[in-house]
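Participant: Below is a structure I'd like to ask you about.
The values are calculated or read from the model by the stated rules, or taken from the named source; none is laboratory data. None of the values given here were measured: they were computed from a predicted structure. Here the Cβ is made from the backbone with ideal geometry for all residues, glycine too, and neighbour counts use every protein chain on show.
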Ligand code: PM9
């Protein structure tokens with residue numbers, strides 16, 4: 001570069017920043033509340049961030065589910081909705097998008113992820129069968145249990161340690177799978193339930209080597225592998241970034257290869273696929289497809305809409321095409337990383353390595369003076385809201401629920417509060433505000449008291465439970 005050419009700040013410091021591959025066309029104003037207003041709102045919500053009215057929330061990091069911003073192309077697609085009851089052209093667009101990008105043969109749309117989980121669990125799990133999986137997810141495990149299955153965790157031990165830096169903490173421990181096969185017999189295993197990335201472990205990925213090795217093991221015993229593809233695009237990014245031999249492959253190539261080692265997938269399209277509502281099932285086996293296509297008409301809607309409007313399917317088909325872009329994923333995960341690095345630099349305990357969709361605060365390390373039954377992660381979510389109107393979510397003992405056999409609380413090793421980043425919604429300035437709020441709550445940690453649960457619903461209690469201050 002000639003001496004006379006002015007240098008940008010980035011060039012001066014030898015730094016090359018990434019930026020979002022989009023610009024903002026429409027804005028939604030946010031509400032800023034006072035601490036007194038937030039205290040009242042929190043009490044009315046029983047200290048459960050799910051029960052807050054969103055108008056009292058400033059920055060909403062409750063979830064990345066259905067909270068993404070759609071593109072102008074997706075909104076334009078909404079106007080092309082073919083609302084025919086049967087055979088909508090948007091269904092065929094959706095079908096070909098999933099076939100082209102994920103590589104499965106047969107598609108069944110559903111209204112969202114748990115609709116898909118319900119159908120596949122009912123279709124394939126026989127009462128008493130075991131369902132090994134790489135860490136539980138709340139709705140997934142519940143549907144497996146309601147269908148008569150028993151979930152067993154087969155994730156590697158490193159996943160249960162927030163500070164462990166294993167690059168693929170979502171990996172399946174093949175020895176644990178083998179031990180279950182030896183104990184129960186392959187015929188008593190419904191399927192291996194693989195999620196990429198693993199939500200409850202902190203958005204941690206599964207490596208290509210691991211899924212390949214699992215495929216070999218399962219082929220030896222005739223066991224199926226079903227994939228929770230909800231955040232597989234993000235998983236593909238981590239493979240590209242961390243696994244030898246994948247740096248020069250595209251997200252699209254990595255995704256398709258990964259899916260090729262699995263027999264079927266279910267999807268909450270409200271995450272990776274950039275829509276506000278939607279889900280799908282995709283399978284390679286015709287007989288299973290027939291069963292699912294039949295079940296969907298009982299619970300969701302005809303097999304060419306599965307509970308979705310034509311316009312929703314169109315937005316979803318376009319969202320799938322957009323979500324596989326390398327630039328999109330890089331900036332999406334880059335934003336999560338930006339927030340995580342700030343917190344790490346300030347010594348705030350978070351799950352590491354930083355995952356794909358969220359920063360998970362380690363509430364046990366945050367509040368070492370609180371017992372797990374005093375709901376440290378729920379407490380932290382409440383404190384963060386109180387400090388600044390930022391909404392996060394508990395992923396600890398409240399989310400884990402109770403053992404259906406004994407009725408006792410599960411005590412998960414991970415007691416986490418999740419700061420979940422919606423896609424294409426917030427800016428770096430919002431991330432700065434969030435980091436500073438977490439720091440303020442961290443500085444006040446020693447005087448913080450825990451919570452007790454005063455109302456507990458039967459299913460998925462974390463959504464509707466109520467708490468009081470101890
Ligand atoms: N995940 C999340 O916020 C929304 C519900 S729990 C607050 O993380 C996986 C890996 C998910 C997931 C939902 C579902 C269910 C399945 N698998 O919410 O029914 O993270 O679309 O999907 C949520 P639906």
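Participant: Of 431, 393, which residue is over 24 Å from residue 151 (Cβ atoms) and either surrounded by fewer than 21 Cβ atoms within 10 Å (Cβ to Cβ) or modelled with pLDDT of 95 or more (or both)?
Facilitator: Working: 393 fails: over 24 Å from residue 151 (Cβ atoms).
When all the criteria are applied, what remains is 431.
Participant: Go through the range 41-52 and give me each residue that's in contact with a helix residue (DSSP H, G or I) (Cβ under 7 Å, 6 or more places away or on another chain) and within 20 Å of residue 395 (Cα to Cα).
Facilitator: Of the range 41-52, the ones in contact with a helix residue (DSSP H, G or I) (Cβ under 7 Å, 6 or more places away or on another chain) are 41-42, 45, 47, 49-50, 52.
Across the range 41-52, the qualifying residues are 42, 45, 47, 49, 50, 52.
Participant: Among the numbered criteria (1) farther than 30 Å from residue 301 by Cα; (2) assigned to a helix (DSSP H, G or I), which one does residue 168 miss?
Facilitator: Every listed condition holds for residue 168 apart from (2).
Participant: Also, I was wondering about something else. Working only within the range 115-134, note down all residues that are within 14 Å of residue 193 (Cα to Cα) and near the ligand (Cβ under 10 Å from one of its atoms). Give the steps one after another, and end with the answer.
Facilitator: Quick first cut of the range 115-134, residues within 14 Å of residue 193 (Cα to Cα) only: 116-118, 120-121, 124-125, 129-134.
Hits for the range 115-134 are 116, 117, 118.
Participant: A further question on this structure: If residue 337 satisfies all but one of (1) surrounded by fewer than 22 Cβ atoms within 10 Å (Cβ to Cβ); (2) farther than 15 Å from residue 416 by Cβ; (3) touching a residue at least 24 places away in the same chain (Cβ under 8 Å), what's the number of the condition it fails?
Facilitator: (3)
Participant: Identify the residue in the range 54-72 that is more than 16 Å from the ligand (Cβ to nearest atom) and out of contact with any helix residue (DSSP H, G or I) (no Cβ under 7 Å at 6 or more places or on another chain) and, among all such residues, is nearest to residue 427 (Cα to Cα).
Facilitator: Among them, the one singled out is 69.
Participant: Oh, and also: Has the range 174-183 got any residue that is within 23 Å of residue 242 (Cβ to Cβ) and either under 15 Å from the mean Cα position of the chain (by Cα) or within 16 Å of the ligand (Cβ to nearest atom) (or both)?
Facilitator: The answer is no, given that none of the residues of the range 174-183 is within 23 Å of residue 242 (Cβ to Cβ) and either under 15 Å from the mean Cα position of the chain (by Cα) or within 16 Å of the ligand (Cβ to nearest atom) (or both).
Participant: Every residue in the range 439-470 that is assigned to a helix (DSSP H, G or I), surrounded by fewer than 12 Cβ atoms within 10 Å (Cβ to Cβ) and free of Cβ contacts under 8 Å to residues at least 60 places away in the same chain, please.
Facilitator: 443, 447
Participant: Please find, among 145, 158, the residue that is surrounded by 15 or more Cβ atoms within 10 Å (Cβ to Cβ), within 16 Å of the ligand (Cβ to nearest atom) and in a helix (DSSP H, G or I).
Facilitator: Answer to the selection: 145.
Participant: Any chance the range 306-314 includes a residue that's crowded, with 23+ Cβ neighbours inside 10 Å, touching a strand residue (DSSP E or B) at 6+ places or on another chain (Cβ under 6 Å) and touching a residue at least 12 places away in the same chain (Cβ under 8 Å)?
Facilitator: Yes - at least one qualifying residue is present in the range 306-314.
Participant: I need the full set of residues from the range 38-74 which are over 24 Å from residue 418 (Cβ atoms) and without any contact (Cβ under 8 Å) to a residue 60 or more places away in the chain, in order please.
Facilitator: The answer is 40, 72.
Participant: Go through the range 127-162 residue by residue and tally those that are closer than 22 Å to residue 205 by Cα and out of contact with any strand residue (DSSP E or B) (no Cβ under 8 Å at 6 or more places or on another chain).
Facilitator: 6
Participant: Select, from 77, 103, 87, the only residue that is more than 12 Å from the ligand (Cβ to nearest atom), under 29 Å from residue 318 (Cα atoms), buried (at least 21 other Cβ atoms within 10 Å of the Cβ) and in contact (Cβ under 8 Å) with a residue 12 or more places away in the chain.
Facilitator: Of the residues listed, the single one that is more than 12 Å from the ligand (Cβ to nearest atom), under 29 Å from residue 318 (Cα atoms), buried (at least 21 other Cβ atoms within 10 Å of the Cβ) and in contact (Cβ under 8 Å) with a residue 12 or more places away in the chain is 77.
Participant: Could you list, in sequence order, all residues of the range 422-470 that are over 30 Å from residue 72 (Cα atoms) and within 16 Å of the ligand (Cβ to nearest atom)?
Facilitator: 457, 459, 460, 461, 462, 463, 464, 465
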